[in-house]
Amino acid sequence: MVNSENAKAQMRKGVLELCILSILSQGEAYPTEIIEKLKTTKLVVVEGTLYPLLTRLKNTGLLSYRWEESTSGPPRKYYFLTEIGQTYLNELQVSWIELVNAVNTTIQNSK
Amino acid sequence: MNKTVTINISGIIFHIEEDAYETLSKYLLTIKSYFSKADGGTEIMSDIESRIAEMLQSKTSAVKQVVLMSDVDFVIESMGKPEEFGGDSSDTNSSENHDEQTDNINGLQNVKKRLYRDGDSKVLGGVCSGIANYFNIDVVWIRIALLILTFFAGLNIIFYVILWIAIPEAKTTAEKLAMKGEKADINNISKAVKEEAEQLKKRIEKYGDEFKNKAYNNRDFPRNAVEKIVDFISDVVMNIGSVLLKIIGVFLIIIGVVFFLGLFSLVFGLSFMLDSINGKDWINLFLLDGKDLYLGVIGIAFFVGTPVIMIIYGGIKILFKVHYTNRMVNLSAGIFWLFGFALLLYVGVRTGNDFNKEAKIRENFSVNSHDTLYIKMTETPIDLLEVDEASDYDDTEKKYSEYNKESDYLIGKNADGRYLLGHAQLDIIKSQSNSSELVIVKESKGGDRKMASERAKNIDYKITTNDSLILCDNLFKVNNADKFRFQSVKVILKLPIGKIVFLDKSLENMLHDIDNTTNTYGSEMINRRWIMTDKGLKCLDCKGLDEESSNTENDSDNSSKNENVKITVNGVDIKAKDSQVKLDSNGVKIKSKTTKLTIDEKGIHIDTENKK
């Protein structure tokens with residue numbers, strides 16, 4: 001039998017970027033918060049996936065961050081969307097919806 | 001008892017058991033080496049470390065101060081092994097990703113804006129704010145424009161509802177963002193069309209070049225060229241299609257609006273039918289009762305209105321590329337249409353049924369047996385101003401009989417309300433007996449014979465005889481309650497052989513194809529005396545006028561053959577069974593069974609009779 005887990009993981013990874021940007025579009029957040037949100041939707045299997053992604057997004061200029069002292073632990077890195085990130089997200093969301101529709105239609109038609 | 005190690009992660013101090021420490025440091029090393037080549041590897045590393053510190057912190061407390069092996073296992077499990085992180089940050093991909101990134105950011109300039117309803121700043125359905133977002137203008141202007149539209153037959157309400165249905169609400173962030181897309185102005189649509197057209201041009205050029213090259217270089221691969229052509233054609237079709245679609249969308253909206261306005265004014269009787277006819281009165285005379293009028297109007301509104309609204313709806317969907325289909329809309333449109341159709345059918349059948357049967361009623365009058373009878377027309381006493389149709393004519397000096405054909409009906413007004421007026425007709429036939437007789441034949445239609453004859457009986461028509469003088473009203477009256485059911489009145493004078501009748505000039509419009517030996521038509525029969533012979537009416541004082549007609553009369557009499565052509569010095573005379581063409585010193589005369597045309601010293605005269 002073909003292992004579908006791999007395919008699922010690939011799918012999740014593909015949309016992770018979009019999800020992170022979407023979460024941040026609702027307001028700034030530090031990684032733990034992002035993870036909490038992603039976990040509820042079962043999008044993140046391992047947290048380690050997130051950090052390289054966040055850094056890459058930041059380096060591309062889509063995200064920026066600021067430090068904030070935490071009362072209970074290490075200082076937190078609060079990420080937020082830049083203007084470019086916002087526009088980028090807009091575009092991504094549009095094409096995502098189109099993709100989903102297209103895929104859904106394809107799936108339904110082939111049923 | 002276990003040995004513990006003190007470590008510092010992200011500036012937080014932990015006491016950790018030795019075996020746990022071993023595992024953790026090994027784990028961190030793997031990650032570090034994994035990210036060492038990646039862009040911003042150290043940063044990723046420190047982020048991960050601070051997250052680990054956070055996790056470990058949550059695992060320790062004042063009571064449980066030491067990090068155990070199980071805690072480290074938990075951290076590793078939730079953080080995942082580097083190979084599980086995915087290829088995202090490995091340096092092999094990073095440069096490539098970066099390129100894509102820049103591409104995407106540049107691509108932002110072309111973010112396609114979509115029309116959505118703005119649920120966040122709505123008054124009713126968020127249509128106005130959605131449109132304002134689309135065109136990037138203040139919503140106030142849209143709302144004002146919508147209010148102004150009120151003065152165009154309430155178009156705004158229809159528009160609003162259609163838009164409400166057609167445009168989806170922006171629910172998700174993505175939709176909201178697409179709704180507010182950065183780059184937009186009022187020229188968006190024309191721009192898009194232009195862009196698409198330009199793209200098309202470029203592509204054509206590209207394909208042209210490619211095709212040339214291909215044809216040149218790959219003579220061995222004609223199939224390739226064929227494929228290219230097919231590609232090219234489909235591409236062109238697609239592009240032309242999308243430009244055309246927009247144009248079609250605009251057209252549909254315009255057509256829809258025009259039709260809607262037309263329908264609206266029709267339904268509300270703003271410009272109903274011919275302006276010289278009072279449409280509402282006619283309809284009232286036609287339909288059985290007021291209920292039918294309302295049903296009919298509602299029926300028309302639904303039957304015509306539904307398609308019109310669907311045209312606007314479709315136009316908007318095409319123009320703004322709204323892709324989602326609302327099945328409820330289509331379904332209810334179909335139901336509305338059928339509903340309208342059913343109503344019209346009901347009214348139509350009900351009204352039509354009332355025309356089902358025909359009845360004739362005869363009223364006989366005896367006439368004094370003078371040798372000569374005089375027939376005159378009297379104008380039915382109606383105030384001209386009371387006749388609606390006359391209002392169209394400025395020249396009130398004219399008698400309306402001059403511009404109304406015998407077949408026309410009029411609507412009159414009096415204190416009791418409206419009533420129908422029709423022109424009576426006169427016919428003269430040979431009497432079977434020795435005495436003259438006058439018969440009035442009243443005719444009407446109705447749902448059944450009884451109804452029809454009832455209506456015929458109700459026709460108000462007067463004839464007065466005074467010695468040898470017969471006075472016929474020119475018009476008959478029909479009660480409003482009796483409706484318009486093709487009522488007609490025919491006065492028939494039965495004349496015994498040898499008796500003479502004088503047709504007064506006033507009868508001009510009442511005479512209708514009275515059979516006579518000379519085939520003279522009505523308007524020429526007036527002002528003359530006619531005698532009844534066993535062959536029919538014969539003119540007594542037509543000398544000089546119709547010398548030849550008396551000749552032709554003989555022809556027509558022994559006409560077992562149906563045609564006769566005569567060309568003499570006097571002129572041309574072609575005669576068939578039901579028609580005649582005549583050219584002589586008097587002028588031109590063309591006559592068929594129902595139509596007459598004369599050109600003489602009086603001018604041109606055309607007379608038609610509409611056979612019902």
Listed with the fewest Cβ neighbours within 10 Å leading, B:Arg203, B:Arg51 appear as B:Arg203, B:Arg51
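Within 10 Å of each Cβ in A:91-102, how many Cβ atoms from other chains are there, averaged over the peptide?
4
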A chain fully extended from B:Lys566 to B:Ala62 at 0.36 nm per residue, minus the present Cα-Cα distance, gains in nm 167.9 nm
Nearest-0.05 FRET efficiency for B:Asp73 and A:Ile97 at R0 = 45 Å, using Cβ-Cβ distance, is 0.65
Grab the beta carbon distance between B:Lys577 and B:Asp600, set R0 = 25 Å, and tell me the FRET efficiency rounded to 0.05.
-> 0.55
May I have the extent of the alpha carbons of chain A along their three principal axes, as whole Å values ordered from largest to smallest?
-> 54, 34, 21
With no solvent and one equal point scatterer placed on each C-alpha of the range B:430-484, evaluate the Debye formula and give log10 I(q)/I(0) for q = 0.19, 0.25 Å⁻¹, two decimals.
-> -0.78, -0.99
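Only the coordinates and a few stated rules stand behind these numbers; no lab work does. For clarity, every value in this text was computed on a predicted model and none was experimentally measured. Note that we place each Cβ from the backbone using ideal geometry, even for glycine, and neighbour counts take in every protein chain shown.
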